[in-house]
Amino acid sequence: MSDLSPLEVHFPRLACEIQAFWGSPACYEKLQDLLVDTRGGRHGFPAEVYSDLSLLMMLVPRPKGPYDIWSDALDAGETA
C-alpha cells in the first residue's frame, strides 16, 4: 500500500505545483480554479482526487473580499 494520496498518484506534477503555491496569498484562488471549470469542456478529476482537492480547500483560509457582511454584523452588535 502506498503512502501517497490519490492526487499524488494520479497527478504528481499538480501535487508539486500545489506544494509550490501552498501558503501564498493566491493559494485559495488557485485551488478553486482547479475545482471549478471556467473554460468549459474539461473532464474533471476522478472522485478521490476531487476529494483531496476539496480537503485542501478547507484547510486554506478564505480571503476576505472588499466587503464582508459578517464582520459588519459583528461590528453592529458591539455598538448596540
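Just so you know, all these numbers are worked out from the coordinates, no wet-lab data involved. Note that the coordinates shown come from a computational prediction; the quantities given were computed from them, not determined experimentally. Ideal geometry is used to build each Cβ from the backbone, glycine not excepted, and the neighbour counts take in all protein chains shown.
For the reader, a short list of remarks on this structure follows.
- Leading residue by the ranking (surrounded by the most Cβ atoms within 10 Å (Cβ to Cβ)) among those in the stretch 16-67 that are among the aliphatic types (A, V, I, L, M) and over 12 Å from the mean Cα position of the chain (by Cα): VAL49
- Matching residues in the stretch 4-46 - criterion: being within 17 Å of VAL60 (Cβ to Cβ), hydroxyl-bearing (Ser, Thr, Tyr) and either in a loop (DSSP other than H, G, I, E, B) or touching a residue at least 60 places away in the same chain (Cβ under 8 Å) (or both): SER5, SER24
- Where ARG62 falls short, out of the listed (1) in contact (Cβ under 8 Å) with a residue 12 or more places away in the chain; (2) closer than 19 Å to PRO6 by Cβ: (2)
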